[in-house]
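Please read the structure below before turning to the comments.
Read-outs: derived from the displayed coordinates by stated rules, not from any lab. Given the structure is predicted, the values throughout are model-derived calculations rather than measurements. Here the Cβ is made from the backbone with ideal geometry for all residues, glycine too, and neighbour counts use every protein chain on show.
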Amino acid sequence: MQFTKTARGLLGAVAIAAIGSVSGLYATTADAQDYPNQPITIIVPTGPGSLVDILARLVGDGFTETWGEQVIVRNVGGAGGSIGVTSLADEAGDGYTLGFVPANLTTHPYLYEIDYDVQADFDPIIRVASASMVLYVANDTGISSVEEYIAHARDNPGEVTFATAGQGSAANLAAELFQTETGVEMTAIPYQRLNLGVLDVVEGRVSSVFVSAAQGMQFVRDGQLTALGITGMTPNPGAPELSPISELGVPGFQYNSWFGFIAPAGVPQDIIDQLNAEVVRQSTTDAFQEAIATAGLELVAGSPQEFADVIAVELENWAGILGE
C-alpha cells in the first residue's frame, strides 16, 4: 500500500475533536455581533488525557481568557472517534457547538457505519497542528532498533502486540500501515483510552505502541520505555534525537496526524472567521508555541479553506486505501 506524494504530505496520525452543545439551558441562536455570549462546549472524541484532549483544553482555556465565557470539554470516545463526531453532527450550527478532531476523521466513511457526511455536515474552522508519531517498545522485549522489531515480528507472526485506541485510531492506522509496508503480522490490543495502553507497554503487558512524543518520551527519558523511531520524514520537536522509520529499514514509510476544529454545518461565516482568528492569535503566543513544541507537534494554524482542502485530499486518498 502506497500513499501518493500529495497524501504523504497531508495525511495525519494522534486526533479529531468536536465541540458539543451546552445542554438546553442556553439559547441556540448565535448573533455574530456579540458572539460568544454563552458557554462553549468542545466535544473531544477521545478519552481524557489524550493529546487531542490536552490540545482542546489548551485552546479552550484561551477562549475563556479572551472572551470570558466558560468552555466545557466533553469527552465522547469510542469507535475510533466516530461516536463523538456523531454527537457533534446532531448539534446546532450556531458556533456554540464545536469539535476538536484528529486526522482519522477522514477514515470514518470507510471503517464505520456512520450517519454523517464528513464534508457536507461539518464546517472546517482551523487545522491547529500536525505531528509524526513515535514507535515505542517495551523494555523487556530486548528490542533496540526498527530492524530488530521487524525481524522479531517476522519470526513470531501475531505474537508482537500493539496498543491502539480502536479501529481507525491514529495508533491503529500507523501500525496497520507499518504491517503493510513491512509484511509483518502483529496483533492489535484496543483501549478506550490509549494512555492506558501506553502504561501497559511500560509494564510489559503489550509489546509496542505508536503514539505521540508527548505521551511516551517522558517514559523513555525515565528509562521505562524504548523509542525506535518516528513516523514522519522530518524531525519531531518532541523527540529530536529520533530518526525517521523510513531511514531505519522501511523506505518510504510515513504517517502523520493533525488536529483541528470543526463545527456542525451552518455556522455563520463571520463566526467561523472569528474562531479561526482567535486560534491564530493564540498560536502567536510564546506559551502556546512552547506547549505545541513540547507535545512534539508542528504548528499549522491555517485558514478554514486550507483545512477543507486537507480533508478533501485525505478523503480521496483513504477511499483508495480503505474503500471497497
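Assorted remarks:
- Relative contact order of the chain, pairs being alpha-carbon contacts under 8 Å that are 6 or more residues apart, as %: 27
- Calculated from the structure at hand, Rg/Rh (Cα atoms, Kirkwood Rh) is found among (1) 0.95; (2) 0.98; (3) 1.14 as (2).
- Taking the helices alone, the chain has a mean residue ellipticity at 222 nm of -11000 deg cm²/dmol, built from -39,500 (n - 2.57) per DSSP H run of at least 4 residues and averaged over all its residues.
- If you plug the beta carbon distance of residue 322 and residue 65 into 1/(1 + (r/R0)^6) with R0 = 51 Å, you get a FRET efficiency near 0.80.
- The range 134-247: relative contact order in percent, alpha carbon pairs under 8 Å with at least 6 residues between: 35
- Here the label points at residue 312 and residue 247, each 7 Å from Cα along the C-beta direction, are separated by 3.5 nm in the simple model.
- Linear extension gain, residue 57 paired with residue 187, 0.36 nm per residue minus alpha-carbon span: 43.5 nm
- Listed values for the range 55-67 are Karplus-derived 3J(HN,Hα) couplings in whole Hz (6.51 cos²θ - 1.76 cosθ + 1.60, θ = phi - 60°), namely 5, 4, 5, 4, 5, x, 4, x, 4, 4, 5, 6, 9, and x replaces Gly and Pro.
- Summarised as an ellipsoid, the range 89-178 has semi-axes of 36, 15, 10 Å, derived from the eigenvalues of the Cα gyration tensor scaled by 5 and square-rooted, with the largest first.
- Residues listed by number, the range 210-229, amide nitrogen under 19 Å from residue 145 label point at 7 Å toward C-beta: 226-229
- Residues whose amide H falls under 5 Å from that of residue 229, counting only those 5 or more places apart or on a different chain, are 135, with hydrogens built in the peptide plane.
- Prolate/oblate/rounded label for the range 134-247 (Cα gyration tensor, a/c 1.5): rounded
- Rounded to whole Hz, the Karplus (6.51, -1.76, 1.60) HN-Hα couplings of the range 283-296, x for glycine and proline: 5, 8, 7, 4, 5, 5, 5, 5, 5, 5, 5, 4, 7, x
- Database remark: amide H of residue 255 closer than 5 angstrom to the amide H of 232 (H placed geometrically; neighbours at sequence offset of 5 or more, or on other chains; Pro and chain starts carry no H).
- Taking the average, over residues, of other Cβ atoms within 10 Å as the packing measure, peptides 84-97, 54-67, 249-262 rank 249-262, 84-97, 54-67 from highest down.
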